[in-house]
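The values are calculated or read from the model by the stated rules, or taken from the named source; none is laboratory data. Treat the numbers as computed from the prediction; the structure is a model and nothing was measured. Cβ coordinates were reconstructed from backbone atoms using ideal geometry, including for glycine residues, and neighbour counts include every protein chain displayed. Calculation scope for accessible area: heavy atoms of the full protein, side chains included, ligands and nucleic acids excluded. Shrake-Rupley method; radii C 1.70, N 1.55, O 1.52, S 1.80 Å.
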Amino acid sequence: MPILLFGSSHLELITGKKTTTIRKLWKKPLSPGDRLHCYWNLVSKERKKLFEAEVTGVEIMEFKDIIKDDNLAREEGFENASELEAEFRKMYPDDTDDNSLFQIIRFKKYPVDQWEGEKIDEKALITKRADILFDAGKFNDSVMCYTAALRHDPDDVYLLNKRGDNLSRLGKFDEAIDNYDKALTNDPENEFILNNKAIALLNSNKPEEALRCNTKALNINKNNTVVLYWRGFILEMMGRFEDSLKCYNRVLEIDDENPDVWNAKGNILTELERTEEAIAAYDKALELCLGEAPDASTWNRKGNALLELGRIGEAINCYDEALNLDSKNDIIWSNKGVALMELDEFEKAAECFNRAILINPENEDARVLKDECLENY
């Protein structure tokens, strides 16, 4: 019973696109018709069944010919033959002479009901891999896996929703909405999917439709803090700041420990020119972030609010805190430069604007303000 082991990075095995593998020539080469038992993860105690397959063809090639064949390298999952060569020299340090022999194995997967050995829940396996990739932010890979899982069950609400989320992350909002609509056909009262659709509609520059969709979700559960938060954001994008503030306040009535909502409330209060209240909201957001990853954006916005009140020194301290967390942010460098100009510290301000320009050469505001500083010292 020939066994093949694959690294877990071979996503094409899940999607069915990969039907070829290159292995060092065995003492007993494979032949067409042989059955393969395929696993992934190279550590034996973690080895998991992936699929069974039938060998459809075997070709024996010398290493010197393999490393000239870009098409073959791409079938194996590499960008080109040079990349394959580099990897194979690491994998087979003693078997990469010009005349070293390898077997090119082509195969076709058997349906699970035709397996001889232990059977697996293929849909669950693919879904788990997709979820891991999604959580890691590898959205191009995870959408491939969700698509592959949906071949096993095209009406699965969870998979349709997750593929919709995935497509939204990739900026494919119309496709995402199609997936949410399919999921809602099977689960029309799912407030979370309705809200996800609302977010995609907002990103498609359809705020009125987004608000209507969010309203449907809120009618199902008026205390859903996720839906309420996004309602506040949608209203904020529509310029309805008072209504947005009501939503954020309602969320904080239910859960006053959410730093993102306090930060959002601070932004709205800034828009409403209620600056002291905005600073208090930002302070609460920063307090709740202690022990977690601090937020440069909140420090920056608090600095802006303090600058508006003329509390220049405190504003600069906030910008410094923000820059400690995100030193590659040209906007924060520019804001600090503006604060330093208020103190007539033009040389230091010019240095800030110069940092902003180095990070983002298209920051025209920083360029103009730097020139103004140079005229004053």
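Restricting region 214-231 to residues that are assigned to a helix (DSSP H, G or I) and more than 24 Å from the chain's Cα centre (by Cα), the residue that is surrounded by the fewest Cβ atoms within 10 Å (Cβ to Cβ) is ASN219. One residue stands out among those in region 361-376 that are closer than 23 Å to SER297 by Cβ and either touching a Lys or Arg at 6+ places or on another chain (Cβ under 9 Å) or of a type in the set (Asp, Glu) (or both): the one that is surrounded by the fewest Cβ atoms within 10 Å (Cβ to Cβ), which is GLU362. Are any of the residues in region 95-105 closer than 24 Å to ALA148 by Cβ and either free of Cβ contacts under 8 Å to residues at least 24 places away in the same chain or open to solvent by 50 Å² or more (accessible area, probe 1.4 Å) (or both)? Within region 95-105 (the criterion being closer than 24 Å to ALA148 by Cβ and either free of Cβ contacts under 8 Å to residues at least 24 places away in the same chain or open to solvent by 50 Å² or more (accessible area, probe 1.4 Å) (or both)), the answer is no, since none of the residues qualifies. Can you find a residue that is over 19 Å from TRP262 (Cβ atoms) and surrounded by 17 or more Cβ atoms within 10 Å (Cβ to Cβ) anywhere in region 287-301? No, region 287-301 contains no residue that is over 19 Å from TRP262 (Cβ atoms) and surrounded by 17 or more Cβ atoms within 10 Å (Cβ to Cβ). Criterion applied to ALA53, ALA81, ALA73, ALA86 was being aliphatic (A, V, I, L, M) and within 23 Å of LEU150 (Cα to Cα), and the one residue passing it is ALA53.
What residue, among those in region 30-48 that are at pLDDT 85 or above, open to solvent by less than 60 Å² (accessible area, probe 1.4 Å) and not basic (Lys, Arg), is farthest from ARG129 (Cα to Cα)? Going through the qualifying residues, I end up with SER31.
Counting just the residues of region 60-88 that are under 14 Å from ASN99 (Cα atoms) and part of a loop (DSSP other than H, G, I, E, B), which one comes out least open to solvent (accessible area, probe 1.4 Å)? Selected residue: ILE67. For region 309-329, check the following and say yes or no: at least one residue is farther than 22 Å from LEU343 by Cα, modelled with pLDDT under 90 and in contact with a Pro (Cβ under 9 Å, 6 or more places away or on another chain). Within region 309-329, not a single residue is farther than 22 Å from LEU343 by Cα, modelled with pLDDT under 90 and in contact with a Pro (Cβ under 9 Å, 6 or more places away or on another chain). When each of GLY117, GLY33 is tested for being under 28 Å from ARG151 (Cα atoms) and without any contact (Cβ under 8 Å) to a residue 40 or more places away in the chain, the lone residue that passes is GLY33. Screening region 130-204 for helices (runs of 4 or more DSSP H) wholly inside it with 3 or more residues that are open to solvent by 70 Å² or more (accessible area, probe 1.4 Å) and in contact with a Gly (Cβ under 9 Å, 6 or more places away or on another chain) returns the ranges 173-186.
For region 5-28, the count of residues that are of a type in the set (Ser, Thr, Tyr), surrounded by fewer than 15 Cβ atoms within 10 Å (Cβ to Cβ) and at pLDDT below 90 is nonzero.
Count of region 240-260 residues, restricted to those that are buried (at least 20 other Cβ atoms within 10 Å of the Cβ) and β-branched (Val, Ile, Thr), is 1.
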